[in-house]
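Asks: Please see the structure below; I have some questions.
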Amino acid sequence: MKVIRNYVNGEFVGRKREFSDINPADGSVIAQVSEADEEVVDRAVQSARTAIRGEWGRLGAVARAALLRKVGDWIESRFDCFVAAEVADTGKPISLASKLDVPRAAANFRAFADLISTAGVESFQTETADGRSALTYAIRKPLGVVGIIAPWNLPLLLLTWKVAPAMACGNAVVVKPSEETPATATLLAEVMEKAGIPKGVYNVVHGFGPGSAGEFLTQHPEVNAVTFTGESKTGAAIMKTVADSVKPISFELGGKNAAIVFADCEFEETVAGVSNAVFLNTGQVCLCAERVYVQRQIFDRFVDALKRKAGDLRIGSPLEDETEMGPLISKEHREKVLSYYRLAREEGATFMAGGGVPQFGNSLDGGYFVEPTILTGLPESARCMKEEIFGPVCHIAPFDTEEEAVAMANDTKYGLAASIWTSNLKRGHRVAQQMNAGITWVNCWFLRDLRTPFGGMGLSGIGREGGIHSLNFYSELNNICIKL
Ligand code: NAD
Ligand code: 6OD
């Protein structure tokens, strides 16, 4: 059986304690994973610290950028290995991993290589009371050792979204991928070596959260900053762990995102766009729309059309090119999603589509599939309307006026993403500007420019990453003032 090991100071390190890496498409065991104990995590942090004091710490931004570009190139050279590993770990369709996850990982390294080699800093000339002046300018220094904790839904994409800017700014990193998806973070270690990244700059520790590698990493006194993507309640636990040492944190957390569909939308494009926003990656994208509000004039027609789209989705083996929807990540997560399907029934929902578990009559029956599901008829106060489900499911409710739609969309403790579907661009701007969300798309969804701010409000997170915002999080800006 294959063993996935920790990666510390340029070496793969095994441990006696192991856990299984499961393929969610059929429940089979792909590999055993070495769980990092406190000592391995400590060694990883120390090796990162040593790397900063060595050759890596002496490199300038342009040299670091050149190395990051090589990492991007090596990801592309090993494209098929990354795709295969991501598909096996997550069960996502091969078409999705090939179009989204792996290309974005390479793009993350290239984007932050470009940014760090061109980014400026602020400078001001200030008049002083004695009639002279002062010049003030900022310089960018690395934070030190950055602890990166990643989730399982877009494992490589979201890990590299943080590793790339952290390294661009001159930090060394210790990453803890999700226990569900350990493979691509480990493959990335091989790529780092090939690209010539010095030992200790990129370290991987495997394991779980509390009482395991995640907690050991976040509570380590020599970790200078923690950046985390995952559930809001995990973010709260990590915040408590880091509070005593007052580390900088960046949190990208859950969502309960709304899509607002106006009667004047481009109907077919909107149905396709909303279907994607609900069902992509089996609904396991933090940006997915779980609440869809449709103007009453087109409500019935829209529900019928989305129902047809859900019915047409090709669910099956992630390895087949035509598959559009794979399984959920795990047995536990399927239980959670099915518990919301049951709750929706208790709360009075009408199931317009789905609600169950598909049967295949082959090995896929050992996997963690659920049917794409469309609900109607829930009150806005229902738990299914308030809590993140993170599966291929949405609720569709009608609205009459723009004001009503905005109020319902904003009635959430989360604030990650929204999408507005209308052919009236003035309305698009007006409504987008009223959304309490870190990002609002108009007539599109999950369209990303890596230079733009990304993050959430409320339970959806703290801080913004992307472009200069990432550079500002992953560096200490030191201000220097000179009297002239
Ligand atoms: P999760 O919070 O269960 O786990 C995320 C990571 O945190 C894993 O590596 C896990 O081992 C680790 N962890 C858990 N408890 C910990 C602790 N106490 N200390 C340190 N580490 C700990 O999240 P998940 O189930 O892997 O991912 C799904 C969630 O992530 C959803 O809520 C989704 O909305 C959210 N998400 C948000 C974004 C975003 O950009 N806002 C992106 C992707 C996913
Ligand atoms: O595209 C990104 O940069 C990003 N952070 C996406 C997050 C998706 C959540 O599942």
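Asks: What residue, among those in segment 320-376 that are touching a residue at least 40 places away in the same chain (Cβ under 8 Å) and among the polar types (S, T, N, Q), is farthest from PRO182 (Cα to Cα)?
Replies: Looking at the filtered set, the residue picked out is THR376.
Asks: Give the number of residues within segment 126-163 that are within 14 Å of VAL102 (Cα to Cα) and of a type in the set (Gly, Ala, Ser).
Replies: 0
Asks: Answer yes or no as to whether ALA305 is closer than 30 Å to THR401 by Cβ and touching a residue at least 40 places away in the same chain (Cβ under 8 Å). Steps first, please.
Replies: On the way: closer than 30 Å to THR401 by Cβ: yes; touching a residue at least 40 places away in the same chain (Cβ under 8 Å): no.
Against the criterion (closer than 30 Å to THR401 by Cβ and touching a residue at least 40 places away in the same chain (Cβ under 8 Å)), ALA305 does not qualify.
Asks: Whether any residue in segment 430-452 is touching a residue at least 60 places away in the same chain (Cβ under 8 Å), part of a helix (DSSP H, G or I) and out of contact with any Leu (no Cβ under 7 Å at 6 or more places or on another chain) is what I want to check.
Replies: yes
Asks: Return the residues of segment 74-88 that are surrounded by fewer than 21 Cβ atoms within 10 Å (Cβ to Cβ) and among the acidic types (Asp, Glu); say none if nothing qualifies.
Replies: Scanning segment 74-88 gives GLU76, ASP80.
Asks: With the checklist (1) β-branched (Val, Ile, Thr); (2) closer than 23 Å to HIS469 by Cα; (3) surrounded by fewer than 23 Cβ atoms within 10 Å (Cβ to Cβ) in hand, flag the one item VAL71 doesn't pass.
Replies: Condition not satisfied by VAL71: (3).
Asks: Exactly one condition in (1) in a helix (DSSP H, G or I); (2) closer than 28 Å to ILE116 by Cβ; (3) within 7 Å of ligand 1 (Cβ to nearest atom); (4) not β-branched (Val, Ile, Thr) is false for MET192; which is it?
Replies: (3)
Asks: Looking only at residues that are buried (at least 22 other Cβ atoms within 10 Å of the Cβ) and touching a Pro at 6+ places or on another chain (Cβ under 8 Å) in segment 294-309, which one is nearest to THR229 (Cα to Cα)?
Replies: Among those residues, the one meeting the criterion is VAL294.
Asks: Out of all the residues in segment 410-417, is one or more of a type in the set (A, V, I, L, M, F, W, C) and within 22 Å of the chain's Cα centre (by Cα)?
Replies: yes
Asks: Now for a separate question. Give the number of residues within segment 255-314 that are farther than 24 Å from GLY326 by Cβ, within 16 Å of ligand 1 (Cβ to nearest atom) and not small (Gly, Ala, Ser).
Replies: Qualifying residue count, segment 255-314: 0.
Bear in mind these aren't lab numbers, they're just calculated from the coordinates by the rules spelled out. All figures in this text were calculated on a predicted structure; none of them were measured in a lab. Don't worry about glycine lacking a Cβ; one is built from the backbone with ideal geometry, like all the others, and counts go over all protein chains shown.
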